[in-house]
1. Restricted to segment B:164-191, and to residues that are surrounded by fewer than 22 Cβ atoms within 10 Å (Cβ to Cβ) and assigned to a loop (DSSP other than H, G, I, E, B), which residue is nearest to the other protein chains (Cβ to nearest Cβ)?
2. So A:Val4 passes all but one of these: (1) in contact (Cβ under 8 Å) with a residue 60 or more places away in the chain; (2) part of a loop (DSSP other than H, G, I, E, B). Which condition number does it fail?
3. For A:Arg50, work out the one condition from (1) outside any loop (DSSP other than H, G, I, E, B); (2) in contact (Cβ under 8 Å) with a residue 24 or more places away in the chain; (3) over 27 Å from B:Leu148 (Cα atoms); (4) not aliphatic (A, V, I, L, M) it doesn't fulfil.
4. Any residue in segment A:183-199 that is more than 19 Å from the chain's Cα centre (by Cα) and farther than 23 Å from A:Pro79 by Cβ?
5. Can you give me the number of residues within segment A:7-47 that are farther than 22 Å from A:Thr160 by Cβ, surrounded by fewer than 23 Cβ atoms within 10 Å (Cβ to Cβ) and either among the small types (Gly, Ala, Ser) or without any contact (Cβ under 8 Å) to a residue 12 or more places away in the chain (or both)?
6. If you go through segment A:94-126 one residue at a time, how many are of a type in the set (Phe, Trp, Tyr), surrounded by 23 or more Cβ atoms within 10 Å (Cβ to Cβ) and over 15 Å from the mean Cα position of the chain (by Cα)?
7. For a quick check of your reading of the model, give me the residue pairs whose first member lies in segment B:204-224 and is touching a residue at least 12 places away in the same chain (Cβ under 8 Å) and closer than 13 Å to B:Arg82 by Cβ, whose second is crowded, with 22+ Cβ neighbours inside 10 Å and among the hydroxyl-bearing types (Ser, Thr, Tyr), with beta-carbon atoms closer than 6 Å and at least 6 apart or on different chains.
Number of protein chains: 2
Amino acid sequence: MKAVVLASGGLDSAVTAAVAKKDGCALYFLTVSYGQRHQIEVERACEVARALGAADHVVLELDLRRFGGSALTGADAVPKDRKQADRAKGIPATYVPARNTIFLSLALAYAEVLDAPYIYFGANVLDYSGYPDCRPDFIRAFEAVARLGTKAGVEGRMITIRAPLLYLSKAEIIRTGVSLKVPFHLTHSCYDPVPPGLACGRCDSCQIRREGFRQAGVADPVQYAIG
Amino acid sequence: MKAVVLASGGLDSAVTAAVAKKDGCALYFLTVSYGQRHQIEVERACEVARALGAADHVVLELDLRRFGGSALTGADAVPKDRKQADRAKGIPATYVPARNTIFLSLALAYAEVLDAPYIYFGANVLDYSGYPDCRPDFIRAFEAVARLGTKAGVEGRMITIRAPLLYLSKAEIIRTGVSLKVPFHLTHSCYDPVPPGLACGRCDSCQIRREGFRQAGVADPVQYAIG
């Protein structure tokens, strides 16, 4: 049974891939190189794919900087040292317009070509409540598009989106990853890494990751610029 | 008022853009260079954008050949000389997996960055009934994704898909184009053009176009390899 796995090089998508493997799927990784600030994310996705024994890995070039509009693709500064209460407010500056809609549509094309019934997607509503395209309603709406807009859907071969981390806390995601032997040392979470290869420890993503490891009682193998 | 126009270089998208202009919109063309067999489509989209006075034109490179799976991106032969009854049956070999879902998701990102309320999309249910991603239900489903999966949607700035050609026959599309002075000579429809720059006249797209011009009583400025 084939599954397309949207892989960013981050912790959540690595745990998602490990869940797909545990579910008995052959893993077809899909990574979009969309002009994110840091090419390291794409490199790490490749290493995670190898570590988990992916059947294939497509890395697509798609320069979303052509549209502009997000801290993750260049123009604006990445917010630092925000308190949890502030992180939970509104939609972050790191929101990339329609990113997950684009990623899921590409995963849909790949799944249809492979005749894969599943797309595994590491969306999570708790830590990233500000991102509209991580919510369950969005995922269900996208499944309707998949059913109506593909040959597979018209012919009754449904392509389902599995988001196994959707309702988990970061600590629960990390514990799941530990139980599935996810190579956490290969994953990259920082929005603004400091040379030479350190995570900043201060952006929203670093803070959420560190709190998660702390709460899970697990050592984070990533090196941070601040203690 | 801004509108993103999905522009393929073909006749339908040129008429769609002209309708958007008539509707009072500033035109922001978006063309995806997705590995279609013929680069001429992208060149024609650029010429149509210039002819209609587009405010901007983004041409995105996205190599869908990485996924495979369609006559339009390389592997299989383009069907020729099919009768209307056969063309109407099932899903054509020229179906590209999830293509319009991908194109609309990219248009959605562009519209969100521009703060454009409209995406103009040249889908049509009559001549291309076989393509699942040209149907009204698909378009409505995608609008739900746009509403739920973007910052704009969450904040109440709806992005609407306008498909002004949806229920028109090819002859009606051509008459609309005539009334709006669409530069038909710049548009390209052939799935399998013959050097030096002639349309084949035999693929589904050429046949539909020629019948449309005939029914509309309008001369087609395109040169065909067969009479």
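1. So in segment B:164-191, the residues surrounded by fewer than 22 Cβ atoms within 10 Å (Cβ to Cβ) come out as B:164, B:166-169, B:171-172, B:175-176, B:178-181, B:183-186.
From what is left, the residues that are assigned to a loop (DSSP other than H, G, I, E, B) are B:164, B:166-169, B:180-181, B:183.
Values: B:Pro164: 20, B:Leu166: 15, B:Tyr167: 17, B:Leu168: 21, B:Ser169: 23, B:Leu180: 28, B:Lys181: 30, B:Pro183: 25 Å.
So the residue we want is B:Leu166.
2. A:Val4 satisfies every listed condition except (2).
3. Every listed condition holds for A:Arg50 apart from (2).
4. Pass one, segment A:183-199, residues more than 19 Å from the chain's Cα centre (by Cα): A:194-198.
After this cut, where a residue has to be farther than 23 Å from A:Pro79 by Cβ as well, the list is A:196.
Yes, because at least one residue in segment A:183-199 is more than 19 Å from the chain's Cα centre (by Cα) and farther than 23 Å from A:Pro79 by Cβ.
5. Qualifying residue count for the region: 4.
6. Total satisfying the criteria: 1.
7. B:Ser205/B:Ser189; B:Ser205/B:Tyr191
Results for (1) within 19 Å of B:Ala3 (Cβ to Cβ); (2) out of contact with any helix residue (DSSP H, G or I) (no Cβ under 8 Å at 6 or more places or on another chain), shown as yes or no for each residue.
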site	(1), (2)
B:Phe138	no, no
B:Glu155	no, yes
B:Ala171	no, no
B:Val182	yes, no
B:Leu186	no, no
B:Tyr191	no, no
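The values are calculated or read from the model by the stated rules, or taken from the named source; none is laboratory data. Predicted model only: the values in this text are computed from it and were never measured. Note: ideal-geometry Cβ built from the backbone for every residue, glycine included; neighbour counts use all protein chains shown.
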